[in-house]
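Here is the structure we will look at.
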Amino acid sequence: MALTDTKIRNAKHGPKPIKLFDERGLFLLLQPSGGKLWRLKYRIQGKEKKLSLGIYPDVSLKLARQRRDEARALIADGIDPSQVKLDETEAAKAAAANTFKAVGEEYIEKAALEGRAAVTIKKTQWLFSLMEGDLGHRPIADITPADLLATLQKVEKKGHLETARRMRSLASRIFRYAVATSRASADPSALLRGALVAPKVKHHSAIIDPKEVGGLLRAIDGYSGHPLTCLALKLTPHLFVRPGELRRAEWSEFDLDKAIWTIPADKMKMRNPHVVPLSRQALELLEAAKAISEGQRYIFSSLYPGNRPMSENTVNAALRRLGYTGKEMTAHGFRSTASTLLNESGKFSPDAIERALAHKDANATRAAYHRSQYWDERVEMAQWWSDRLDTLKNGATILPFERQQI
């Protein structure tokens, strides 16, 4: 006798599985645990098999019969419905593994294993999160240039032009990785070159007038904030490193006896280790910091000492407290100050200055063969620059540089 909804609702479970048969191989399996499972018993190629059709009441009697009829239609054509279901399950798993989200996360994990800096990975994850909402669930091979552009333009319309540009760049790397791993056939971002509004190049604000540099240094000497912040603010002008490299400086990287600081490759923008000669003034400031943070991992620890460096905005915030706006001076701007005044002095070769700044040579061939560290000149330059800063701070008369032939 065929099943009815009333009979199914009133069915009692027992200590052993119970089968309630409907028609044409369909039956309901009552589990001792309380579950009611739809099953279809059928034969194909001489073998008896069973196919799961769902759980009652999620799958009603009417729907179970519909699924039974669909399965029997396949059987009539010599197709095993169990194999069809298995194939669909595997296809669904493959599709889930090939979504933009899955491939993107895999690419970011690969970048981390390759030694990319933690701060770089964090920024990459943030950029990826801006695309994930629109594209994350989509099979990566199905995403078109128009799909990607629509996502990028949402950010662009908010005025974040540089962020949109960086998102396109990251998307390109993810799509190229998908192509390399046979999960996509093309990089749709390649067709979007020129489609976004080009951001205006913004240079880090910097004071380059010698008199104004002197005033800035005197203001820094009068800073009354946290001692480590004060020391970081004072040390920044003496070195040519990027703010992130200084705030994440660790005591283990310094040899104060030899007056050198070796920055590991994973902390450098260009992924090459960088050795910094330390002037007498820089050493004095480091010794002062040693009295505060020796024994900690970072020289400039956060205000809550532990295994964290100070915030990336600490030095800039100190400059704001001194009355310098972001359009006047930034922590990164001290590199421009040093580069400009050192080049104007005519005392040092441009190559030595660029090497001190850890800039990448634009000429790839020249970079491969021109490996000189200009070490002796850089040691001399580091001390001359610190002495020059002291002169400017003390308010000495500013004389024009006499250019020398290099």
Quick check, is Thr163 without any contact (Cβ under 8 Å) to a residue 12 or more places away in the chain and of a type in the set (Val, Ile, Thr)? no
Single residue of segment 25-66 satisfying the filter (in contact with a Phe, Trp or Tyr (Cβ under 9 Å, 6 or more places away or on another chain) and in a loop (DSSP other than H, G, I, E, B)) that is farthest from Val84 (Cα to Cα): Gly35
Tally, over segment 112-133, of residues that are closer than 17 Å to Arg168 by Cβ and either at pLDDT 95 or above or not acidic (Asp, Glu) (or both): 10
Within segment 108-126, is there a residue that is out of contact with any helix residue (DSSP H, G or I) (no Cβ under 9 Å at 6 or more places or on another chain), of a type in the set (Ser, Thr, Tyr) and not assigned by TED's automatic domain parsing to the domain that holds Pro273? no
Residue pairs within 7 Å by beta carbon, gap of at least six or interchain, first lying in segment 1-24 and aromatic (Phe, Trp, Tyr), second surrounded by 10 or more Cβ atoms within 10 Å (Cβ to Cβ) and modelled with pLDDT of 90 or more, listed first then second, are Phe21/Phe27
Does segment 268-290 hold any residues that are in a helix (DSSP H, G or I) and touching a Pro at 6+ places or on another chain (Cβ under 9 Å), and which are they? Ala288, Ala289
Given the options Thr89, Thr120, Thr99, name the one that is surrounded by fewer than 17 Cβ atoms within 10 Å (Cβ to Cβ) and farther than 22 Å from Glu162 by Cα. Thr89
Need the failing condition index for Leu285 against (1) aliphatic (A, V, I, L, M); (2) under 18 Å from Glu354 (Cα atoms); (3) touching a Lys or Arg at 6+ places or on another chain (Cβ under 8 Å), just the number. (2)
Return the only residue of Pro57, Pro81 being crowded, with 18+ Cβ neighbours inside 10 Å and either of a type in the set (D, E, K, R) or assigned by TED's automatic domain parsing to the domain that holds Arg9 (or both). Pro81
Determine whether Arg173 is under 21 Å from the mean Cα position of the chain (by Cα) and assigned by TED's automatic domain parsing to the domain that holds Lys110. yes
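For every residue, the table says whether it meets (1) within 17 Å of Gly244 (Cα to Cα); (2) loosely packed, with under 15 Cβ neighbours inside 10 Å.
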{"residue": "Trp261", "(1), (2)": "yes, no"}
{"residue": "Pro273", "(1), (2)": "yes, yes"}
{"residue": "Pro277", "(1), (2)": "no, no"}
{"residue": "Gln281", "(1), (2)": "no, no"}
{"residue": "Leu285", "(1), (2)": "no, no"}
{"residue": "Glu294", "(1), (2)": "no, yes"}
{"residue": "Arg297", "(1), (2)": "yes, no"}
{"residue": "Ser301", "(1), (2)": "yes, no"}
Exclusive hit being farther than 13 Å from Phe240 by Cβ, assigned by TED's automatic domain parsing to the domain that holds Gly222 and at pLDDT below 90, set Arg403, Arg371: Arg371
Criterion first (modelled with pLDDT of 90 or more, closer than 17 Å to Ala318 by Cβ and either surrounded by 19 or more Cβ atoms within 10 Å (Cβ to Cβ) or not polar (S, T, N, Q) (or both)) does Leu192 satisfy it? no
Boolean, Glu245 is assigned to a helix (DSSP H, G or I) and either surrounded by 17 or more Cβ atoms within 10 Å (Cβ to Cβ) or within 27 Å of the chain's Cα centre (by Cα) (or both): yes
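For (1) farther than 14 Å from Thr229 by Cα; (2) modelled with pLDDT under 90; (3) hydrophobic (A, V, I, L, M, F, W, C), each residue gets a yes or a no:
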residue: Pro264; (1), (2), (3): yes, yes, no
residue: Lys267; (1), (2), (3): yes, yes, no
residue: Val276; (1), (2), (3): yes, no, yes
residue: Glu294; (1), (2), (3): yes, yes, no
residue: Pro305; (1), (2), (3): no, yes, no
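The values are calculated or read from the model by the stated rules, or taken from the named source; none is laboratory data. The structure displayed is predicted, hence computed values, not measured ones. In this analysis, Cβ positions are derived from the backbone assuming ideal geometry, glycine residues included, and neighbour counts consider all displayed protein chains.
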